[in-house]
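The values are calculated or read from the model by the stated rules, or taken from the named source; none is laboratory data. This structure is a prediction, so every number in the text was calculated from the model and none was measured. Cβ atoms come from the backbone with ideal geometry, glycine included; neighbour counts cover every protein chain shown. For accessibility, only protein heavy atoms count, side chains too; no ligands or nucleic acids. Shrake-Rupley method; radii C 1.70, N 1.55, O 1.52, S 1.80 Å.
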Amino acid sequence: MSTCQKHGNHAHQHGAGCGHTAVQHDGHTDYLHDGHLHHPHGDHVDEHSISVGGANPANCTPDHECGAHEKSHEHGPGCGHEAVPHGDHVDYLVEGHLHHPHGDHCDDHGRVQVAG
């Protein structure tokens, strides 16, 4: 990331054992926090997102079969899965991969490396 996108008013210190899910991407570790992907940076926290492409495409995958939840499960706020910013949209972390709600199915937007 070449520019800082500061997250304002953030007093929490992210790091090992802080209580938030750590995700490794683009050669560093970020932390999932209330639908944001936070990266500690000096005296502030930057907003990040998982880049679209490579291991994390944004393709429609209507044939994706996930055994991690019922087919009728609907992703969204309060669904039990953590929200992850991915490009210009939000996906949900399900057993190490990104699910994107899309009509009557979930698209598979690839695996992410959860640190821990």
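Scanning region 95-109 for residues that are surrounded by 18 or more Cβ atoms within 10 Å (Cβ to Cβ) and either part of a loop (DSSP other than H, G, I, E, B) or more than 10 Å from the chain's Cα centre (by Cα) (or both) yields His100, Cys106, Asp107, Asp108, His109. Among the residues making up region 13-70, those that are touching an Asp or Glu at 6+ places or on another chain (Cβ under 9 Å), open to solvent by 50 Å² or more (accessible area, probe 1.4 Å) and assigned to a strand (DSSP E or B) are Gln24, His36, Pro40.
Taking the listed residues Val90, Val84, the one that is β-branched (Val, Ile, Thr), modelled with pLDDT of 95 or more and crowded, with 18+ Cβ neighbours inside 10 Å is Val84, with no other qualifying.
Return the pairs, sorted by first residue and then second, in which the second residue is aromatic (Phe, Trp, Tyr) and open to solvent by less than 80 Å² (accessible area, probe 1.4 Å), the first residue lies in region 53-78 and is within 16 Å of His97 (Cβ to Cβ), the beta carbons are less than 7 Å apart, and the residues are 6+ apart or on different chains. That search, which allows pairs on different chains as well, returns His75/Tyr92.
Out of Ala115, Ala68, one residue alone is under 21 Å from Asp26 (Cα atoms) and either of a type outside the set (D, E, K, R) or under 15 Å from the mean Cα position of the chain (by Cα) (or both). It is Ala115. Being part of a loop (DSSP other than H, G, I, E, B) and open to solvent by 20 Å² or more (accessible area, probe 1.4 Å) is the requirement here; does Pro77 meet it? Taking the combined requirement at face value, the residue satisfies it.
Of all residues in region 80-89, those being closer than 17 Å to Val114 by Cα and in a strand (DSSP E or B) number 5.
All conditions in (1) open to solvent by less than 80 Å² (accessible area, probe 1.4 Å); (2) modelled with pLDDT under 90 hold for Asn9, with the sole exception of (1).
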